[in-house]
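A.B. asks: My structure is below; once you've seen it, I'll send some questions.
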Amino acid sequence: MNELDSQYLTLLKDRINLRHIPFSERGSRLLLFQENDHLQIKLAERWFKIDQQLSSYRQRPPILDEWRFTDEHGTPLELEITTYPHRLDCRSAVGTFSIAFADTETLLITLPPGTCGLTFQAHLDQVYPDRRGGILRLTGDIRRNIAYTTNGRIVRHVVEADANNTQRVHLIIQAGEQGALQLNITPRLGFNRYIPPPAETLAAAAQRWHAWFAAVPPVSEPYRAQYYYAWWIMRAGLISTRFYTTREAMTPSKIHYVGVWQWDAYFHALAYRHVEMNLAKDQLRIVLDHQRRDGLIPDAVHDEGTVTRMTYPVEADVTKPPLLGWAAWKLYEIDHDVEFLNEVYEPIVRWNNWWFEQNDVDGNGLCEYFHPYSSGLDDSPLWDEGVPVESPDLNTYLCLQQEALSRIAFAIGEAEDGAQWAQRAEAQAARMVRWMWDEEAGLFWAKRPVPDARVNVRTPFNLFPLITGRLSENITRRLVAHLTNEDEFWSRYPVPTVALNDPKYEPLTMWRGPTWVNVNYLLIEGLQRTGYVDLARELRQRTLDLLNLHDDIYEYYQPQTGEVPPKAASLFGWSSAVFIELAIQAEQDKSHGEASH
């Protein structure tokens, strides 16, 4: 296959703009950006030992910066850059420089025949030039290395150092027809200085991406470009194994959130089940690899450790919503792998037990969040008056999890367990009706059990018991009435995370108003379960329209205009996964409709 014969690669031409969307590869920690008139490489790594802050990597300077191509005199060249998923073409007055990944730690740059140059600076403290290029090292507690190697003849090679551990490299190279320069950026002691035939490297990169896109289910034309871009995010956002990152895993955003967050992983798995089932299962396995002995599953897993307890804004254990059983069953529905269910059954049981044993302060069988971040709804007004909070969303998740445990138990031959879990799921739904339902308001309220006080803010989580499909027709109808009320939750791009007419509605502030599409996905599922199929389709349509508005896919959106709030992360994983899921659902509905005729 000629690399640009692929319809998928040409479809995504110039979608990677390099200013805000980096060039990257599956499993790679390298992010290539364009900044003003030069290129730079940042690392999708935390380096907590250096910064002592989990998210400081967002402000860390590039490891390689001021990267410019030059002519034979060392004068920087103006570039016209065309991007594809598999390569960058940088056209200049002396010819085209193409850039592709040779492996997850190595970029190969093809050089136009003749004499040209390259200059860059690296934030490393040692350099060892040689006849083919050189090696740069960062020494101390954290080690990072760069090897730069060319198969051309180096006619000028200058390295300058400054007092800030920055090395400036200037190369002039006489290149032949297959001229190339390779950059290997690695924490390892060994280097990749072997340059394969450049044409083969470009072809292999194209084939990897083509095979990924070709394996996914097809969707309708209105969603096609964004759909394949979402699949680009789902592949480019994967990071390699390293220390506590025990499996290849998807980041929520390779720029903004480097690591594995528990409930993000469950939504990521939903997309991967359509293209690479073992990868989908590994998104669940990686959080189970770090399950605590008492059953708690970490909030997040990073290369250097796990997050199981935090001191801000309160000191408490921290985890994420219990959707593991729900996600595991969705994977099973695709491949019917009983062995996988056997693998995860007991860890899910221990996880479920942890909630009821450690998080039911008033003993009424309904669990509470003891840390705001355990909900995933970090800054929601649900926590404005403090924690613990007994919230309808948490107990809905536990109902779904026990329902999934019942199905799993029957599937693996544990019929007695299956019957007990089914009873517990039904009892969980009944307790929510008994303790949380407000007949006058037509809502399920969150409350603070100590002291016993209702949390007077209206969010879609007041509607979440709908998702169980276990409510009376009257309760379901009243919840749907709130959902479809244009003054509350039925905005142009629903569902806002605080009701539009609630005093605490802030449309640009994270969980205090913006639309998060994972919330929509769960509500769509609930509407389908309760017989509101047409309404589910409408919510799905509005969600797809929202995710189709912008070139990139974001963490959350303004629910009335669809604009992107200033702090919403880009390249967002679960938003991409939800877009994929809903686009596939829409295509399946279309196919079923055509078949019925």
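A.B. asks: Would you check which residues across region 73-103 are buried (at least 17 other Cβ atoms within 10 Å of the Cβ) and either assigned to a loop (DSSP other than H, G, I, E, B) or not assigned by TED's automatic domain parsing to the domain that holds R19 (or both) and list them?
C.D. replies: Result: L77, L79, Y84, P85, H86, R87, V94.
A.B. asks: Does region 245-256 contain any residue that is in a helix (DSSP H, G or I) and out of contact with any helix residue (DSSP H, G or I) (no Cβ under 7 Å at 6 or more places or on another chain)? Break it down into steps so the answer makes sense when it comes.
C.D. replies: Step one: list which residues in region 245-256 are in a helix (DSSP H, G or I), which gives none.
Within region 245-256, not a single residue is in a helix (DSSP H, G or I) and out of contact with any helix residue (DSSP H, G or I) (no Cβ under 7 Å at 6 or more places or on another chain).
A.B. asks: Among the residues of region 110-120, is there at least one that is under 22 Å from I195 (Cα atoms), part of a strand (DSSP E or B) and either in contact with a Pro (Cβ under 7 Å, 6 or more places away or on another chain) or at pLDDT below 95 (or both)? Talk me through it step by step, then tell me what you get.
C.D. replies: Just the residues of region 110-120 that are under 22 Å from I195 (Cα atoms), to begin with: 110-120.
Keeping just the survivors that are part of a strand (DSSP E or B) gives 110, 114-120.
Then keep just the ones that are either in contact with a Pro (Cβ under 7 Å, 6 or more places away or on another chain) or at pLDDT below 95 (or both); that gives 110.
Yes, there is a match, as at least one residue in region 110-120 is under 22 Å from I195 (Cα atoms), part of a strand (DSSP E or B) and either in contact with a Pro (Cβ under 7 Å, 6 or more places away or on another chain) or at pLDDT below 95 (or both).
A.B. asks: If I ask for residues that are closer than 24 Å to P112 by Cβ, hydroxyl-bearing (S, T, Y) and surrounded by 15 or more Cβ atoms within 10 Å (Cβ to Cβ), which ones from region 158-211 would you list?
C.D. replies: T201
A.B. asks: Looking at region 242-281, which of its residues are farther than 17 Å from Y521 by Cα and either of a type in the set (K, R) or in contact with a Cys (Cβ under 6 Å, 6 or more places away or on another chain) (or both)?
C.D. replies: R242, R247, K254, K281
A.B. asks: What pairs come out if I take residues in region 465-478 that are in the same structural domain as E426 (by TED's automatic domain parsing) and over 16 Å from W326 (Cα atoms) and pair them with residues that are outside any helix (DSSP H, G or I) and of a type in the set (V, I, T) whose C-beta lies under 6 Å away, six or more apart or interchain?
C.D. replies: Sorted first by the residue in region 465-478, then by its partner, the pairs are T476/T530.
A.B. asks: Another question about this same structure. Count, please, the residues in region 223-244 that happen to be assigned to a strand (DSSP E or B) and more than 11 Å from the chain's Cα centre (by Cα).
C.D. replies: Number satisfying all stated conditions: 1.
A.B. asks: Moving on to the next point. Quick one: which of E346, E385, E414 is closer than 30 Å to E555 by Cα, over 26 Å from the mean Cα position of the chain (by Cα) and either surrounded by fewer than 22 Cβ atoms within 10 Å (Cβ to Cβ) or not basic (K, R) (or both)? Give the steps one after another, and end with the answer.
C.D. replies: On the way: E346 fails: closer than 30 Å to E555 by Cα; E414 fails: closer than 30 Å to E555 by Cα.
From the options E346, E385, E414, the qualifying one is E385.
A.B. asks: Give, as residue ranges, the helices (runs of 4 or more DSSP H) completely inside region 500-597 that count at least 1 residues that are surrounded by fewer than 18 Cβ atoms within 10 Å (Cβ to Cβ) and small (G, A, S). Before you say what the answer is, go through the steps one by one.
C.D. replies: Numbers: elements: 517-529, 533-547, 573-596.
It comes to 573-596.
A.B. asks: Follow-up. Specify which of the listed residues (L443, L382, L405) is in contact (Cβ under 8 Å) with a residue 60 or more places away in the chain and within 23 Å of E525 (Cα to Cα).
C.D. replies: Numbers: L443 fails: in contact (Cβ under 8 Å) with a residue 60 or more places away in the chain; L382 fails: within 23 Å of E525 (Cα to Cα).
Matching residue, one of L443, L382, L405: L405.
A.B. asks: Still on this structure, I have one more. Here are some conditions: (1) touching a Pro at 6+ places or on another chain (Cβ under 9 Å); (2) surrounded by fewer than 22 Cβ atoms within 10 Å (Cβ to Cβ); (3) more than 25 Å from E426 (Cα to Cα). D289 meets all but one. Which one does it not meet?
C.D. replies: (1)
The values are calculated or read from the model by the stated rules, or taken from the named source; none is laboratory data. Note that the coordinates shown come from a computational prediction; the quantities given were computed from them, not determined experimentally. Positions of Cβ are generated from backbone atoms using ideal geometry, with glycine treated the same way; all protein chains shown enter the neighbour counts.
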